[in-house]
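Notes to accompany the following structure.
The values are calculated or read from the model by the stated rules, or taken from the named source; none is laboratory data. Everything numeric here is computed off the predicted structure, so don't read it as measured data. Note: ideal-geometry Cβ built from the backbone for every residue, glycine included; neighbour counts use all protein chains shown.
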């Protein structure tokens, strides 16, 4: 029976002993099939996930310095990784609880009073250096930015 490969979209003759064969026998397609299976297994099976993490840690312990040497030999990879990490850091910082102007809607939820102002450091609350501030609401009717004096 002829089928279409789920990876390369080429036609192939399915093995009659494999009822649900979706990938052809090309090595690239078989790697794609295995990656898909592993992603699903990692997502659903906690034992498999723990075993994979332990095996990876053991390999890293046996091959100390591998990644440092790899980055030295592959500067383009290292630079791309730096750029991607900058993007990830920026996204993490931008999601760290900074509200947009319209996030609270039209109703002003801040009332006059004293508040503890706690700085964020890397997205985590830093309990040291907290300040006590007094906030006085000047206008409740303005939905657009308020101009200073």
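Of all residues in the range 55-68, which are exposed (fewer than 11 other Cβ atoms within 10 Å of the Cβ) and over 22 Å from the mean Cα position of the chain (by Cα)? Working first, answer last.
Step one: filter the range 55-68 for residues exposed (fewer than 11 other Cβ atoms within 10 Å of the Cβ), giving 55-59, 61-65, 68.
Passing the criteria: 55, 58, 59, 61, 62, 63, 64, 65, 68.
Might you let me know whether the range 32-48 holds any residue that is over 30 Å from residue 14 (Cβ atoms), loosely packed, with under 11 Cβ neighbours inside 10 Å and at pLDDT 90 or above? Walk me through it before giving the result.
Going residue by residue through the range 32-48, those that are over 30 Å from residue 14 (Cβ atoms) are 46-47.
Going one step further and asking which of them are loosely packed, with under 11 Cβ neighbours inside 10 Å, we end up with 46-47.
Still in the list and also at pLDDT 90 or above: 46-47.
Checked the range 32-48: at least one residue is over 30 Å from residue 14 (Cβ atoms), loosely packed, with under 11 Cβ neighbours inside 10 Å and at pLDDT 90 or above.
For the range 110-149, name all the residues that are assigned to a loop (DSSP other than H, G, I, E, B), farther than 30 Å from residue 89 by Cβ and modelled with pLDDT of 60 or more.
Let us first name the residues in the range 110-149 that are assigned to a loop (DSSP other than H, G, I, E, B), namely 110-112, 118-119, 122-123, 126-130, 136-149.
Going one step further and asking which of them are farther than 30 Å from residue 89 by Cβ, we end up with 111-112, 136-144, 146-149.
The answer is 111, 112, 136, 137, 138, 139.
Does residue 95 satisfy the criteria of being loosely packed, with under 11 Cβ neighbours inside 10 Å, over 30 Å from residue 22 (Cα atoms) and modelled with pLDDT under 95? Don't jump to the end; show me each part of the working.
On the way: loosely packed, with under 11 Cβ neighbours inside 10 Å: yes; over 30 Å from residue 22 (Cα atoms): yes; modelled with pLDDT under 95: yes.
In short, yes.
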